Amino acid sequence: MTDTVATAPSRSIVTEIPGPNSRALLERKAAAVPQGIPHQLPVFIAEAHDAIITDVDGNRFIDLGCGIGVTTIGHTNDAVVAAVREQVGKLTHSLFGTTPYEPYVRVAEYLAKHTPGDFAKKTFFVNSGSEAVENGVKIARKFTGRRAVAVVEHGYHGRTNLTMTMNFKPAPYATGMGPLASDIFHAPGSYPLHDGLDGAEAAERTQYYLEKHVGVSDLACLVIEPIQGEGGFIVPADGYLPAMQEWCTANGVVMIADEVQSGISRTGATFASSLFGWEPDMVLSAKGIAGGMPLAGVTGRAEIMDSVHTGGIGGTFGGNPVSCAAAVAVFEQIEEHDLNAQAQRVERVLRPLLDELAERHEEIIEVRGRGAMLAIELVDPATGAPVPAAPISKACGEDGVLVLTAGTDYNVLRFLPSLAITDDQLREAVDVIDRAIASTKAA
């Protein structure tokens, strides 16, 4: 990992944003790429390393987004790059279900070791987080023989037909794209800032909804993000997740942790579920698992995973050998370099800076999150109305820091820095965020 004391590159804005080369590419994008694919920062990236991205005009940005949590280990991590180069020279593709290869098995072994719970587990691989969610649901239905799928409010699970139905917020992910999938139920979850409930109370509310509006005998699975991502990095009240797991186990319901964004050392634990004392029946991983290469895993209790007949799961590109080699390199660094400690370091530095920011800006109603997955929620103190986060994000980008937005009401700034970011880069980034908040208020 990057030495947090050594001097590292900083941001450097040498043109207007976007610069001339990015503007030319934006014109080409408009002509060749559907308008449904947006861009938050209107620049084209030429290269990146650790926590710095450089655009085609030579502007350098501190990256607090990591491709939405993908390059947790850092852009172009040396060990990941070396593993990919070596694997490309050996084997680029072989359908694992036809002619297997060792890296696939090795990553499955790492997941069995690092996901919460001391019980036998098995894993198979797909290409994306949405695919992992789809397959988790499919397996739960097969195992239980039940039809219904439950999720909780403010959740986000993907852009496929099933997963966009599972999302709490249909716009923009499902607008005009129906008919949607059937047998999906949205239950109240745990949002301490707004519901004021402790974990036991929130769990009782969720259970009541599921018992009365779904019916336990029809419920195959409950899918929950341990820390909700697109919903605004919502951290549930203590005790909520274990209470829901106990209820699910008692009622024969498969409880699934969607750790697509929160997993792989993002929160200071290899999987965020363990921070809450939760041992899910199934864990879904993606994003940070392969250091920027496309890979997603479905890991579950062996008896659940083995309930599927031969040929019922898999896919042509799932568990590609190059992506698996990259994932091996990530897990080796989790174990050898204690990436969880690096995420904890990020929180120790960034959280107090964000708390100080909240003291200066009264519209910051809460600072929340864990590890290198932190956020601030913005509300107008006079009216209680959500404060849009997009103008602040735009101002940050123009000043050399990439910051993502989130939240059901689009009023959350979320911070997903890589674990390679230095303390100085974090401080510099927060200074930029401070100025951006001030400038948008003055506008």
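What whole-number distance in Å separates the alpha-carbon centres of the range 125-146 and the range 345-407? The range 125-146 and the range 345-407 have Cα centres spaced 34 Å from each other.
Report, to one decimal in Å, the Kirkwood hydrodynamic radius for the chain based on all distinct Cα pairs.
On the way: mean 1/r = 0.0447 Å⁻¹.
By the Kirkwood definition, the hydrodynamic radius is 22.4 Å.
Taking a ≥ b ≥ c as the square roots of the eigenvalues of the Cα gyration tensor, an a/c ratio of 1.5 or more together with a/b larger than b/c marks the range 81-336 as prolate.
Listed by chain and number, the aspartates and glutamates placed with their C-alpha closer than 14 angstrom to that of Lys169 are Glu153, Glu230, Asp409; residues fewer than eight positions away on the same chain are left out. Look at the Cα gyration tensor of the range 1-112: its axes a ≥ b ≥ c give a/c of at least 1.5 with a/b at or below b/c, and that counts as oblate. Comparing Thr408, Thr71, Thr310 in a Gaussian network model of the chain (Cα springs below 10 Å), the most mobile by mean-square fluctuation is Thr310. Relative contact order, whole percent, for the chain stands at 23, derived from Cα pairs under 8 Å and 6 or more residues apart.
For the chain, modelled as a GNM whose springs connect Cα atoms under 10 angstrom apart, the maximal fluctuation among Lys122, Lys287, Lys212 occurs at Lys212. With 28 Å as the limit, the listed pairs Lys287/Lys441; Lys121/Lys212; Lys90/Lys287; Lys113/Lys212; Lys29/Lys287 have Lys287/Lys441; Lys121/Lys212; Lys113/Lys212 beyond it between alpha carbons. Comparing Arg345, Arg159, Arg360 in a Gaussian network model of the chain, where Cα atoms under 10 Å apart are tied by springs, the biggest mean-square fluctuation is seen for Arg360. The mean sequence separation of alpha-carbon pairs under 8 Å and at least six residues apart, normalised by the residue count of the range 81-336, gives a relative contact order of 30 percent.
Every number here is computed from the coordinates shown, using simple stated rules; none is lab data. From a predicted model like this one, the values you see are computed outputs, not experimental measurements.
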